[in-house]
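There's a structure below that I have some questions on.
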Amino acid sequence: MTSTPQPRPANRLIHETSPYLLQHAHNPVDWFPWGEEAFAAARARHCPIFLSIGYAACHWCHVMERESFENEQIAAYLNEHFVSIKVDREERPDLDDIYMQAVQQMTGGGGWPMTVFLTTDGKPFFGDTYFPPTARMGRIGFLDLLKQIRRAWDEEPARVREAANQLTDLLGPDVLAADVQMLTREPLERAVESLRRRFDA
C-alpha cells in the first residue's frame, strides 16, 4: 500500500483571489502578496526584497516556478536572506508597468517572469527576467545570482543605495499601495551600469 504524498503547507498566497497567485500558494518559497506586511518584514529583518511578477498564461513563469520556486535549496536561501513578493501583472498592471520600465532600462529588454530586487522602501536596484536554477546558455544561475545580490547588500550597502537612488531620482515620488513610497510612471532614462556589469558577469 502506497501513501499519497502530502501537499506542502500553504504560504500567505493561499488567502489571495488571483488564480496566478494561488498557483504559487504551495511553493516552499515564503511568498508575501504585495503590501505593507511585506515591506515591514523587510525593514524589520533589514533584508532585500525579491519581487517576482508574472501571470497565469506565461510559459516561462511556469518554468521558473518548477525549476526554482519549487526547489527546496533555492527556496530555503530566499526565505533566509530575502523577503519574497509575488505579483500578478493582470491584477496589478500599475506595478508591472513601473518595474518593467526599470528592467527595460537596466537590460535593454523585458518580459516575464520579471525578476526585480528592491530596497526596503521599494526602489529597484537590479532586475531582469527569467533565470535558470543553475548557469546555462550564458545566463547566471538563479541561486548564484541570489548570493551575489545578498553579498552586495551586506558588503556594499552604499553601492546598492546609490544604484537604487540613481534609478529612481529621475522620477517623482508617488504612493501606489499600502503607504509604500514607489516610483511614478514617468519613463526611466538610465540605469546603474556598475551593478548591471557586476551581476551580468
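Laboratory data are not the source of any read-out in this text; all were calculated from the coordinates shown. Everything quoted here is computed from the prediction, not taken from an experiment. Neighbour counts run over all protein chains shown; Cβ positions are idealised from the backbone, glycine included.
Give me the distance in nm between label points sitting 7 Å out from Cα along the Cα-to-Cβ direction at residue 165 and residue 60, one decimal.
Here the answer is 3.3 nm between the modelled labels.
Could you order the peptides 65-74, 29-38, 122-131 from most to least packed, using the average number of other C-beta atoms within 10 Å per residue?
Numbers: 65-74: 17.5, 29-38: 19.5, 122-131: 24.3.
The packing order, highest mean first, is 122-131, 29-38, 65-74.
Want the number for residue 135 to residue 14: 0.36 nm per residue separation, take away the alpha-carbon distance, what's left? All intermediate terms of the calculation are to be shown ahead of the outcome.
Values: separation 121, 0.36 × 121 = 43.56 nm, distance 3.15 nm.
Full extension of this stretch gives 40.4 nm more.
Can you tally the net charge around residue 11? Count Lys and Arg as +1, Asp and Glu as -1, for every other residue whose Cβ sits under 11 Å from the Cβ of residue 11. Don't skip to the answer; put the middle values down first.
Values: positive: 8, 12, 86; negative: 16, 30.
In short, +1.
To continue, here is another question. For residue 74, what charge total do you get from the other residues with a beta carbon under 14 Å from its beta carbon, if Lys and Arg give +1 and Asp and Glu give -1?
On the way: positive: 66, 147, 150; negative: 30, 65, 67, 70, 72, 80, 144.
Taking every other residue near residue 74 into account, the sum is -4.
Here's a follow-up. What does the extension gain come out to for residue 94 and residue 80, with contour length at 0.36 nm per residue minus their alpha carbon separation?
Details: separation 14, 0.36 × 14 = 5.04 nm, distance 2.88 nm.
Between residue 94 and residue 80, full extension yields an extra 2.2 nm.
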